[in-house]
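See below for the structure under consideration.
The values are calculated or read from the model by the stated rules, or taken from the named source; none is laboratory data. Fair warning: this is a prediction, and the values are worked out from it, not measured in the lab. Ideal geometry is used to build each Cβ from the backbone, glycine not excepted, and the neighbour counts take in all protein chains shown.
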Amino acid sequence: MKTSIKLVILSSFVAFLTACDLNLEPVSNYTELNVGGSTSTGTTVKFLTRDEMKTQYDNMYNMLSGSKVEAYILDMLVYVDSHADNAYRGATDLELAQLEQQRQDGENKNINRDWDQYFAMIAAANSVIVNIDSVPDISLSSADRKKWKAEALILRSLVYFDIVRLWGDVPLVLTEPPAITSANIVEVYPLYYPKRDSIAVVYRQIVKDLNTALEPGGAPAINPANKFVLSRTLANGLLAKIYAEKQIRDYDKVIQYCTEVEKDVTLVTKYGDLFDMNSTNTDLKNRNTSESIFEITFAGGGLWITWMCGIDLATPSSKYDWKKWFTPSRDLVNTFDAQKDTERKNQTIVRAAVEWSLHYPAKDYPFMYKYRSKYHSFIKMRLADILLLKAEALVGQNKLAEAATIVNTVRTRAKLANLTTDITSSKDKMVDAVLNERRLELAFEGHRWFDLVRSGKIFSVMNTLNSRDPGRLPMNEVTEDKTVLPIPQPQIDKNPSMVQNPGY
């Protein structure tokens with residue numbers, strides 16, 4: 001009886017770990033019903049031909065620029081900007097208000113949606129990692145096998161890095177469980193309902209995967225003409241970021257991997273070159289710039305989150321006719337103004353007259369501006385981020401002069417003066433200076449909350465916002481438990497091995 005019940009429950013949960021999406025992403029003639037089969041030796045494999053395996057390789061990229069955009073870009077910006085001090089929630093949706101007020105819970109449907117979306121991306125990467133070596137088709141060369149597998153390892157690492165920072169301990173899913181039968185259910189059941197692994201265990205796996213991807217013949221070199229590639233440069237950048245995290249911190253390695261990244265990319269001359277439209281607003285002024293490391297580009301309908309942030313400058317009829325999902329905070333605006341940083345402020349925030357006054361007077365209402373047309377890319381990683389991370393590591397090693405040189409390079413591009421000597425001679429002040437520079441340089445690019453947690457400044461910054469920023473909804477106190485999101489309650493309900501995060 002128990003076995004029968006488990007089989008019924010498991011049948012509704014298979015997609016969590018084995019999603020193939022052959023008939024969805026990309027649209028093709030292949031489905032789960034007409035791929036795979038028996039080899040000449042009688043061995044059953046999931047994919048028989050190069051073309052079948054190629055659908056899985058393509059699917060990794062299609063997810064990032066297609067069905068998973070909502071979780072991977074839009075909701076991530078909510079978690080790192082509205083949930084932090086860079087923005088208020090725009091629209092009045094309960095899920096957005098909860099995150100602004102630090103009152104999120106396991107019933108938040110956006111958080112549950114994103115959990116499923118993230119693990120679907122893990123499943124897509126695993127489909128390549130687990131199956132590519134068993135494809136019998138000799139037209140799938142050994143070079144392509146190693147390259148595609150390396151790219152999949154980078155994707156799995158990239159996604160797990162976000163997952164672990166969002167939720168803390170999470171299941172580390174590295175396999176595709178076999179089909180379930182009454183004979184193997186006791187053995188297989190835990191593979192479909194995995195327990196959570198510690199943050200440190202997940203980070204160690206990410207490091208292992210990235211080092212494997214960086215082996216000769218593995219991940220491709222960065223392509224100056226197409227930055228939407230899971231490249232060696234991205235892998236080095238990820239390793240730099242991971243070694244900056246407190247659970248695995250090693251500043252020597254942060255500096256080492258940042259330096260590797262610097263060999264492949266350079267800062268653009270003007271900050272606006274990263275985000276500007278061309279003179280006729282018919283396309284981006286630049287795409288795949290020298291600074292970009294990993295840049296998700298979009299075809300067809302374009303980057304639809306533009307409409308969730310502001311208006312589409314490429315569409316003359318587009319207008320500010322609703323509250324959008326983000327409203328830049330007074331605290332962020334005041335930080336730009338305190339630095340007299342008009343160069344970056346004007347690329348980050350735009351103002352318009354609207355018909356509501358939820359956070360600001362209707363006649364002068366600010367909107368997020370970095371995603372201002374359907375033609376825009378989403379830059380997941382760029383050199384300025386890596387340079388400022390290197391400066392952070394140098395400050396951690398008390399190499400203040402070297403750190404100041406890097407920060408001043410970024411400030412010079414923003415047409416700002418160098419840091420003053422009273423700042424550059426103090427480690428505590430340099431910690432704050434680097435953090436502040438990251439905020440102004442990278443606002444609305446997916447970093448602020450993680451930066452605050454990593455630096456240990458999350459409590460002093462967030463728990464003074466109620467008094468510092470009168471435009472914000474009243475917030476609950478941020479505690480250590482609340483530095484991560486709750487595990488979605490639907491995930492706990494269907495996985496008997498899953499437990500809720502403390503404090504929720």
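Some points to look at:
- Subset of the range 425-438 (residues that are crowded, with 19+ Cβ neighbours inside 10 Å and either over 14 Å from D337 (Cα atoms) or among the hydroxyl-bearing types (S, T, Y) (or both)): M430, A433, V434, L435, R438
Conditions tested, residue by residue: (1) in contact with a strand residue (DSSP E or B) (Cβ under 6 Å, 6 or more places away or on another chain); (2) modelled with pLDDT under 95.
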{"position": "N23", "(1), (2)": "no, yes"}
{"position": "N34", "(1), (2)": "no, yes"}
{"position": "R50", "(1), (2)": "no, no"}
{"position": "Y88", "(1), (2)": "yes, no"}
{"position": "K109", "(1), (2)": "no, no"}
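- Complete set of residues in the range 209-238 that are under 17 Å from the mean Cα position of the chain (by Cα) and buried (at least 24 other Cβ atoms within 10 Å of the Cβ): L210, K227, L230, T233, L234, A235, N236, G237, L238
- Members of the range 436-458 found to be touching a Ser or Thr at 6+ places or on another chain (Cβ under 8 Å) and without any contact (Cβ under 8 Å) to a residue 40 or more places away in the chain, listed by number: I458
- Looking across the range 261-276, the residues that are surrounded by 18 or more Cβ atoms within 10 Å (Cβ to Cβ), in contact with a Ser or Thr (Cβ under 9 Å, 6 or more places away or on another chain) and farther than 23 Å from G66 by Cβ come down to V261, D264, V265, L267, V268, L274.
- Test: residue in the range 115-130 that is farther than 25 Å from G301 by Cβ, surrounded by fewer than 21 Cβ atoms within 10 Å (Cβ to Cβ) and free of Cβ contacts under 8 Å to residues at least 24 places away in the same chain: no
- Tallying residues that are within 22 Å of the chain's Cα centre (by Cα) and either in a helix (DSSP H, G or I) or among the basic types (K, R) (or both) within the range 274-305 yields 2.
- Sole residue being within 27 Å of Y72 (Cα to Cα), buried (at least 21 other Cβ atoms within 10 Å of the Cβ) and at pLDDT 95 or above, chosen from E441, E477: E441
- Going through (1) polar (S, T, N, Q); (2) more than 30 Å from N495 (Cα to Cα); (3) touching a helix residue (DSSP H, G or I) at 6+ places or on another chain (Cβ under 8 Å) one by one, N288 falls short only on (3).
- Extreme residue, nearest to I154 (Cα to Cα), among residues of the range 308-338 that are surrounded by fewer than 17 Cβ atoms within 10 Å (Cβ to Cβ) and out of contact with any Asp or Glu (no Cβ under 9 Å at 6 or more places or on another chain): T315
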